[in-house]
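For reference, the structure discussed in these notes is given below.
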Amino acid sequence: MTRTQGLFINLPITDLARTRAFYTALGFEINENFSDDKAIAVVLGDKQYAMLLKREFFQSFTKLALADPAKYLQCLVAIQFDDKKEVDAIVEAALAHGGGEPHPPEDMGFMYQRAFSDPDGHGWGPFWMDPAGIPADH
């Protein structure tokens, strides 16, 4: 089985200071070793990062046009938390600091999920799941 040693999700952003303020307000740590005046590294977990790069810098890695995440869906990043309260807390923090909530919470009993968009429009899906509670028909 193939296993990775870490994860770096790269997303383009428009305002580095606003992005840093938003993610630190949500309680995420910034790894300064991977951050500079072009990008910040948001620590999601052990060896898991969201690399948030200024659009001009991000563009230097590709010849393809960059989509505007406020208008076009690029991806949805699902992040797992230990309980429903943590899911609610991060979404409420996102809303209080300039994020949006694209749809209402979903509670399936064994899984609870919400969603938020950051100030650039990137979609995040915090969730809690009890694997032992997954119905047999899933």
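The values are calculated or read from the model by the stated rules, or taken from the named source; none is laboratory data. Owing to the predicted nature of the structure, the values given are computational and were not obtained by experimental measurement. Backbone-built Cβ (ideal geometry, glycine too); neighbour counts: all protein chains shown. Ligands, DNA and RNA are excluded from the accessible area calculation, which covers all protein heavy atoms including side chains. Shrake-Rupley method; radii C 1.70, N 1.55, O 1.52, S 1.80 Å.
When K63, K38 are checked against the criterion of being more than 18 Å from the chain's Cα centre (by Cα), within 18 Å of R20 (Cα to Cα) and free of Cβ contacts under 8 Å to residues at least 40 places away in the same chain, K38 stands alone in meeting it. Looking at T14, T24, just one residue is closer than 17 Å to F116 by Cα, of a type in the set (V, I, T), in contact with a strand residue (DSSP E or B) (Cβ under 9 Å, 6 or more places away or on another chain) and open to solvent by 30 Å² or more (accessible area, probe 1.4 Å), and that residue is T24. Taking the stretch 43-67, which residues are surrounded by 10 or more Cβ atoms within 10 Å (Cβ to Cβ) and charged (D, E, K, R)? Answer for the stretch 43-67, where residues must be surrounded by 10 or more Cβ atoms within 10 Å (Cβ to Cβ) and charged (D, E, K, R): K47, K54, R55, E56. Can you tell me which residue is farthest from G27 (Cα to Cα) among those in the stretch 92-116 that are touching a residue at least 60 places away in the same chain (Cβ under 8 Å), part of a loop (DSSP other than H, G, I, E, B) and open to solvent by 50 Å² or more (accessible area, probe 1.4 Å)? Across the stretch 92-116, the extreme among qualifying residues is G98.
Please find, within the stretch 69-82, the residue that is modelled with the highest pLDDT out of those that are open to solvent by 60 Å² or more (accessible area, probe 1.4 Å) and part of a loop (DSSP other than H, G, I, E, B). Ranking the candidates gives D82 first.
Modelled with pLDDT under 95 and in contact with a strand residue (DSSP E or B) (Cβ under 8 Å, 6 or more places away or on another chain): does that describe L52? Answer is no for this residue.
Has the stretch 122-133 got at least one residue that is under 13 Å from the mean Cα position of the chain (by Cα) and more than 13 Å from F81 (Cβ to Cβ)? Scanning the stretch 122-133 turns up at least one residue that is under 13 Å from the mean Cα position of the chain (by Cα) and more than 13 Å from F81 (Cβ to Cβ).
Per-residue answers, yes or no, for (1) in a strand (DSSP E or B); (2) among the acidic types (D, E); (3) more than 23 Å from G6 (Cα to Cα):
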{"position": "F61", "(1), (2), (3)": "no, no, no"}
{"position": "K85", "(1), (2), (3)": "no, no, yes"}
{"position": "D120", "(1), (2), (3)": "no, yes, yes"}
{"position": "P135", "(1), (2), (3)": "no, no, yes"}
